[in-house]
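Each remark here refers to the structure printed beneath this line.
The values are calculated or read from the model by the stated rules, or taken from the named source; none is laboratory data. Please read these numbers as outputs of a predicted model, since none were measured by experiment. Each accessible area value is taken on the protein alone, full model and side chains, heavy atoms only, with ligands, DNA and RNA left out. Shrake-Rupley method; radii C 1.70, N 1.55, O 1.52, S 1.80 Å.
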Amino acid sequence: MAEGVGLGMGEIDAGKEFDWLNFRLKFGCQTKVTGLFRTQLEDGIMGMDNRAGSFWMQLREHYKSKGHGSSSEEEQDFDPNQFALCYDRQPISSELSLGVGSGALTLGGSDSLLHSTPMVYADNVSPGIGWYTVHVKGMFLRSKGGSLSEPANNSRYIRVDADENTLNGNAGANHGIIVDSGTTDSYLPSNLKPAFVEAWKEVLRDPNAEFHNNHIEMSAEQVKTLPTILVVLQGHKSGSAETNDVAVGMAGHPSHAAMFNSITDKNPLTISKNDVVVAIPPEHYMEESHRSPGTWIARIYFTEKYGQQSIFGSSFMMGHEILFDNSSGRVGFSESHCDYSRYMEERDLMLEQIRQNGATNHQDNTATVVEEVKEEEVVNSAQLVGQDNLHGSGWA
């Protein structure tokens with residue numbers, strides 16, 4: 001990419017633009033077509049791993065070459081070692097040639113305006129190998145779906161009874177599952193499936209229920225009442241930087257007491273209050289067919305042999321703004337709608353309030369706008385709470 005072409009960039013704050021974001025980008029061209037991306041809207045990969053030549057590393061070097069990043073105040077505004085991804089899922093559409101909005105990419109940090117829960121931080125347990133690897137310390141299923149910020153009422157918790165080696169597909173505290181935005185689905189250790197299926201049967205109260213990857217006919221309302229998968233990750237020492245209290249995404253939050261009190265299994269847990277809980281609602285791991293609307297498939301696969309690298313793909317990442325912090329060796333998680341159009345509307349409203357009120361505190365105004373949106377969402381979602389309508393679906 002030639003000097004002067006550069007990339008488009010939004011405002012860092014009102015009236016202050018990134019005037020330095022034009023740089024020569026080195027990239028590779030494919031020389032062979034295998035058909036892997038033939039059915040996807042885009043046919044390229046933007047490398048964001050922790051390796052030389054990745055996009056964020058090239059951006060960081062250019063940023064520093066322009067004399068930026070020399071002061072701590074400047075790094076608070078833009079840290080070139082950080083970026084955040086926020087994926088959402090758009091409604092089914094038969095016409096995809098024009099593309100669809102898929103979320104937001106934030107360079108230089110994360111954006112609290114996207115957060116519906118405070119960001120919490122998991123360890124990147126192997127920051128030197130290029131991938132972003134998290135260590136799984138526990139897994140649970142919660143009945144009736146829902147997220148951390150909007151759980152269903154009267155839910156039950158069932159532990160996936162497996163030790164850490166089985167959960168991570170490898171032995172050792174520095175091994176785990178990579179968080180990979182370039183992988184659509186999630187691929188977990190094959191040895192984990194028996195324990196997962198047993199928990200699946202128990203949480204559905206159906207001894208014949210099988211977790212599978214076959215297409216099944218379900219309504220959207222039935223999908224929402226499938227179990228939510230709760231993954232407990234090894235926490236980073238920083239915990240949550242957005243609040244002095246224990247955030248809902250941390251294992252020590254009171255809302256998780258029922259989950260941990262439900263444990264009656266033999267495999268011991270070593271979970272601490274500083275560990276991180278990530279919710280995967282059924283709307284995220286189930287995907288409706290574009291060709292046959294009304295049929296759904298689970299996009300979590302138990303296929304990786306012991307010692308192979310398991311992957312948390314976009315089915316895991318969806319509905320969160322995830323911060324990849326290469327300077328601190330951590331991966332941040334905050335639940336989010338990840339709708340870029342909605343984000344821009346809220347951002348414009350926030351900036352208008354700042355102009356009208358003469359306010360200077362970005363955080364206070366952000367919190368006000370987000371709180372207004374959250375209260376509206378709770379009212380709308382409350383109509384669905386308690387609708388356990390799996391009868392007649394392929395899961396019950």
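Can you give the relative contact order of region 151-215 as a percent, counting alpha carbon pairs under 8 Å and 6+ residues apart?
On the way: 42 pairs, mean separation 22.6, N = 65.
Result for region 151-215 is 35 percent.
With a ≥ b ≥ c the root eigenvalues of the C-alpha gyration tensor of region 79-233, is it rounded (a/c under 1.5), prolate (a/b larger than b/c) or oblate? Kindly include the intermediate steps, with their values, before the conclusion.
Values: a/c = 1.67, a/b = 1.14, b/c = 1.46.
Cα axes put region 79-233 in the oblate bin.
Leaving out ligands and nucleic acids, note down the accessible area per residue over region 135-203 with a 1.4 angstrom probe, in whole Å².
It amounts to 34 Å² per residue over region 135-203.
So, with a 1.4 angstrom probe, what is the percent of accessible area on region 105-213 that is carbon and sulfur?
C and S atoms contribute 45 percent here.
Report the gain in length on full extension from Thr31 to Ile263: 0.36 nm times residue separation, minus Cα-Cα distance, nm rounded to one decimal.
Between Thr31 and Ile263, full extension yields an extra 78.2 nm.
Once a ≥ b ≥ c are taken as the square roots of the eigenvalues of the Cα gyration tensor of region 172-265, is the result rounded (a/c under 1.5), prolate (a/b larger than b/c) or oblate (a/b not larger than b/c)?
Judged from the Cα gyration tensor, region 172-265 comes out prolate (a/c at least 1.5, a/b above b/c).
With the Cα gyration tensor of region 129-217 giving a ≥ b ≥ c as the square roots of its eigenvalues, does the rule (a/c under 1.5 for rounded; else a/b larger than b/c for prolate; else oblate) give rounded, prolate or oblate?
Taking the square roots of the gyration eigenvalues as a ≥ b ≥ c, region 129-217 is prolate.
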